[in-house]
1. In nm, give the distance between the simple-model label positions of LYS381 and ASP417, each being 7 Å from the Cα along the Cα-to-Cβ direction.
2. Cross-link partners among aspartates and glutamates for LYS70, C-alpha distance below 13 Å, same-chain residues fewer than 8 apart left out?
3. Once you charge only the Cβ atoms, +1 for Lys and Arg and -1 for Asp and Glu, what is the size of the charge dipole of region 292-394 about its Cα centre, to the nearest 20 debye?
4. Counting other Cβ atoms within 10 Å of each Cβ, which chymotrypsin sites (Phe, Trp or Tyr not before Pro) in region 377-451 have at most 11 and sit in a DSSP loop?
5. Grab the Cα-Cα distance for GLU75 and LEU443, subtract it from 0.36 nm times how many residues apart they are, and report the gain in nm with one decimal.
6. Across 10 Å bins from the origin, how do the percents of Cα pairs in the chain run, short distances first?
7. Under 18 Å from the Cα of LYS31, which lysines turn up, not counting those fewer than eight places away in the same chain?
8. How much accessible area does LEU161 have with a 1.4 Å probe, in Å² rounded to the nearest 10?
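The values are calculated or read from the model by the stated rules, or taken from the named source; none is laboratory data. A quick note: this is a predicted structure, and the numbers were derived from the prediction, not measured. Methodologically, a virtual Cβ is constructed for each residue, glycine included, from the backbone with ideal geometry; neighbour enumeration extends over all protein chains shown. Areas reflect the complete protein model, heavy atoms only, side chains present, ligands, DNA and RNA absent. Shrake-Rupley method; radii C 1.70, N 1.55, O 1.52, S 1.80 Å.
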Amino acid sequence: MSESTAREVWRAVLGDLQLQLPRPTFETWLKPTEGVAYDDHVFVVEAPNPFAVEWLERRIYHALQKTLKKVSGREFELQLKVRSEGDFYAVEQAPATSNQAGSATPTAQPLFEMRSFNPKYSFESFVAGPSNRLALSASRAVAESPGQTYNPLFLHSGAGLGKTHLLQAIGKTCASRGMSVLYVTSEQFTNEFITAIRNRTTEEFRRRYRSVQVLLIDDVQFLSGKEQTHEGFFHTFNDLHNAGNQVVISSDRPPRELVSIEDRLRSRFEWGLIADIQAPDLETRMAILAAKADQLRVDMEDSVIELIAKRVQRNVRELEGSLNRMVAYSQLMNVNISLESTLQILNEMAPEANARSIDPQRIFEQVAIFYALSVGDLMAKNRTKKVALARQVAMYLLIYELELSPTQVGRLLGGRDHSTVIHGAGKINGEVTENGQVRKDVLAIKEAIFA
Ligand code: ADP
Ligand code: MG
């Protein structure tokens, strides 16, 4: 059965569910899902990440199955899976009128499966910051006048920092102006090429690729090590580049570190502009969270946004995941998103590797020294005001600086309950922004710890 039919059926299911479920639940969990395939028994639906799959399976699987039955009139086993990373998003054929005479005949049939660009990935929704400034402005310039500014444009960064987002934003902008755009991952490119060789349709393959005005190749580090594929890509690249068509490439590392890629191809990657994206700084992380919260139409206090942004530092995908989790939790439990509930939820999330390799013992020692106490005082049951404050400062530092979970911190502090830790750390976090003295103290301790 065809791809588009699965999609249409699932759209109808979503239409039905939209009426059954609270709007934020629908927006957060269901809207990003997509029907991708079915056979006689199984209906496959993709969700954007493992957490969404888990959530849907755990919370509303039966409602999904029931609605699917109602809409399709058939009994399916519903299978939820994570959208595969190397998804192919769009092929937009140029409308017949915009093809110049003499150029390759546009093929009626799509190059690969037809999908629309992910609507989430636009320039409007991309938050600018010092970490992505060059990549963003180069992408805008390329989208504005493809083939004329930086060609190729080569974007590189670690995972989850916005490469696919920018590639798709470029693609969408160009497609909306009637250009033929092809977004493809290097794995898909490889597969297509190998299939073409097997079926002896390489000429056809080449002609199709040559008819594209903007070619976006995502995750080029996965271009297969096979010589033939490199050869195929090399020629495709040359064809497009010579014709003045735009090529945009993304990778997890700069060209010179792509050691498995042929020299001549690598050096072509360096012809245009190479721009990297770094992990966003705190301010940018906060701006991204605020924008996402806005999209989800949830109210979030600045202090909560700051807390999440401080805890989740590595990449934007994790940042989004944390926010989605917060929103889902608050809706399911019908609680406001407060500092305390945020910490609680972050605590329940899979513990992340420590961002810094500081030994907790060092924090205890420095806190004890600062308040003229012993480390043992911090662990003990002593509740004098001074000891309680010192202990709370230690909790705060362990949570905010070492990114330990409240449960871990409670254990380190002589078996205290995680709710006590959440309360203590939250209190200091509040005072750090308000109270001049506590702020100064914490800064001094931090200096000593990280010196
Ligand atoms: P990559 O391709 O580099 O692994 P993605 O482009 O898939 O990363 O980005 C991961 C997620 O983070 C996406 O949902 C994307 O929309 C989001 N994202 C990344 N950077 C930004 C940004 N600067 N502003 C808004 N959203 C961002
Ligand atoms: Mg990507």
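1. Each label point is offset 7 Å from its Cα along the Cβ direction, giving 1.5 nm.
2. ASP16
3. Working: 14 positive and 13 negative charges, 73 e Å.
Once rounded to the nearest 20, the dipole reads 360 debye.
4. Numbers: sites: TYR396, TYR400, PHE450; in loops: none.
Sites meeting the loop and neighbour criteria: none at all.
5. Values: separation 368, 0.36 × 368 = 132.48 nm, distance 6.18 nm.
Length gained, GLU75 through LEU443: 126.3 nm.
6. Calculated over all Cα pairs of the chain, the distribution is 4, 18, 23, 22, 18, 10, 5, 1, 0 percent.
7. LYS66, LYS81, LYS120, LYS292
8. 20
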